[in-house]
Amino acid sequence: MKAIERYVFGSFLSSFVLAFLVLSFVLTIGLLVQIVGYIVDGMPIRLVGQFAAVSFPETLQWTIPLALLVSSILVFSRLSADSEIAAMRSCGINLLMVMKWPVLFALGCSVIGAWINNEIVPRGHEVRRRLTSKLSSKLSVGDAVELIEPGRKVMDFPGVTLYVARKEGRWLYDVTATDTSDTNVVRTIHAEKALASGEGQDMALDLYMVKVDPVEANNSGMASGSYVHYPIKVKSSRYIKKGKDLRFFELVDKIRADGEEIRSGVAPRKEGESRRSLSKLKVELSKRLVFAMASLCFVLVGVPLGIRSQRKESTIGMAISLVIALGYYLFVMLMLSMQKAYAIHPEFLIWLPVGVCFALSAWFVKRNL
């Protein structure tokens with residue numbers, strides 16, 4: 001029995017290592033390009049080193065679960081196709097015994113993933129935000145104009161979405177700005193042409209032949225003029241810590257404090273805004289745990305699914321892996337997009353892929369016993 005368990009787990013582990021190395025190489029190519037870009041921009045090596053130190057481990061939240069899924073399906077489909085699973089059954093070996101060590105290994109990976117998602121990933125967000133703040137503080141007017149690409153909406157400026165049809169140097173033509181800096185109104189500003197100039201560390205547009213709609217929050221009418229001076233802030237260099245930057249215990253304390261404020265009725269913001277903010281924090285915490293649980297879920301589903309696939313071809317196993325991973329992560333992303341809709345409790349719905357994986361695993365295992 002122990003020899004069979006060692007044989008199965010050894011095959012699983014070697015396949016996992018190979019898949020992990022390949023996936024890590026693919027996912028870190030973009031990161032290396034980004035690091036080189038920061039160095040070219042003249043950022044201090046110390047800061048770039050901090051960014052690299054937290055960003056490389058951050059890729060583990062993707063590579064470990066995907067490598068476990070690929071290795072589970074490929075190894076157990078090969079065992080099934082070679083009739084080794086059938087031979088084990090004829091010897092009275094239960095499928096649960098064969099799955100034991102891969103599942104325990106996946107459980108350990110989930111624990112490591114939870115630590116990475118709650119300690120390493122938030123630190124990565126914090127370092128990136130500080131890096132972005134330092135870069136934005138160095139932007140000149142020319143750099144800010146370079147952010148504007150004709151024919152594309154530019155959302156790099158706080159509170160302003162900018163669209164430009166044509167650009168010649170600092171002259172911009174057919175300019176449309178959607179201003180959301182006022183929380184009471186969304187204002188659309190259109191100009192036939194504009195000249196970009198500096199205004200301290202920010203940028204300003206001298207707009208010509210302008211139409212503004214609406215002029216005021218309580219006035220739905222449109223106004224026009226021949227000239228308007230329109231200042232635009234370049235991203236603030238001041239770093240503000242967000243929910244994604246909070247580590248596990250910081251996030252839990254923040255959720256508890258915001259919940260107590262809402263229940264006591266002393267929240268400094270409107271109740272709806274406070275509940276949306278609290279919902280985002282709860283979804284962030286659930287997301288980290290669901291991403292960590294992906295390692296265990298993928299092995300629980302991958303092992304019996306690999307046995308049932310009855311194929312040696314690696315392409316079939318890769319296709320099955322892709323479908324499972326896409327379904328799992330797409331649903332999580334869907335819940336992240338609905339994190340402000342606190343009425344539907346997305347912090348609970350985001351756990352649905354985990355429940356589905358456990359149910360599928362129980363059904364597949366029962367059919368293969």
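The values are calculated or read from the model by the stated rules, or taken from the named source; none is laboratory data. Model, not experiment: these values are computed from the prediction. FYI the Cβ positions are ideal-geometry reconstructions off the backbone, even for glycines, and counts take in every protein chain you see.
Annotations for the structure displayed:
- Unmet criterion (only one of (1) in contact with a Lys or Arg (Cβ under 9 Å, 6 or more places away or on another chain); (2) outside any helix (DSSP H, G or I); (3) at pLDDT below 85) for His125: (2)
- With respect to the stated conditions, Leu69 is under 26 Å from Val111 (Cα atoms) and crowded, with 17+ Cβ neighbours inside 10 Å.
- The condition of being touching a Lys or Arg at 6+ places or on another chain (Cβ under 9 Å) and either of a type outside the set (A, V, I, L, M, F, W, C) or assigned by TED's automatic domain parsing to the domain that holds Ala325 (or both) holds for only one of Gln34, Gln50, that being Gln50.
- Of all residues in segment 343-365, at least one satisfies being surrounded by 15 or more Cβ atoms within 10 Å (Cβ to Cβ), more than 23 Å from Ser277 (Cβ to Cβ) and polar (S, T, N, Q).
- Candidate set from segment 26-60 (those that are polar (S, T, N, Q) and in a helix (DSSP H, G or I)); member that is modelled with the highest pLDDT: Thr28
- Filter pass, Ser197 being in the same structural domain as Pro158 (by TED's automatic domain parsing), at pLDDT below 85, within 20 Å of Val164 (Cβ to Cβ) and loosely packed, with under 15 Cβ neighbours inside 10 Å: yes
- For segment 158-187, the candidate set comprises residues that are in a strand (DSSP E or B) and charged (D, E, K, R); within that set, the residue that is surrounded by the fewest Cβ atoms within 10 Å (Cβ to Cβ) is Glu168.
- Test result for Leu21, aliphatic (A, V, I, L, M), under 30 Å from Val98 (Cβ atoms) and either in the same structural domain as Thr59 (by TED's automatic domain parsing) or not in a helix (DSSP H, G or I) (or both): yes
- Any chance Leu23 is in contact with a helix residue (DSSP H, G or I) (Cβ under 6 Å, 6 or more places away or on another chain), under 19 Å from Ile116 (Cα atoms) and at pLDDT below 85: no
- When Val40, Val70, Val8 are checked against the criterion of being more than 23 Å from Asn117 (Cβ to Cβ), over 19 Å from the mean Cα position of the chain (by Cα) and touching a residue at least 40 places away in the same chain (Cβ under 8 Å), Val8 stands alone in meeting it.
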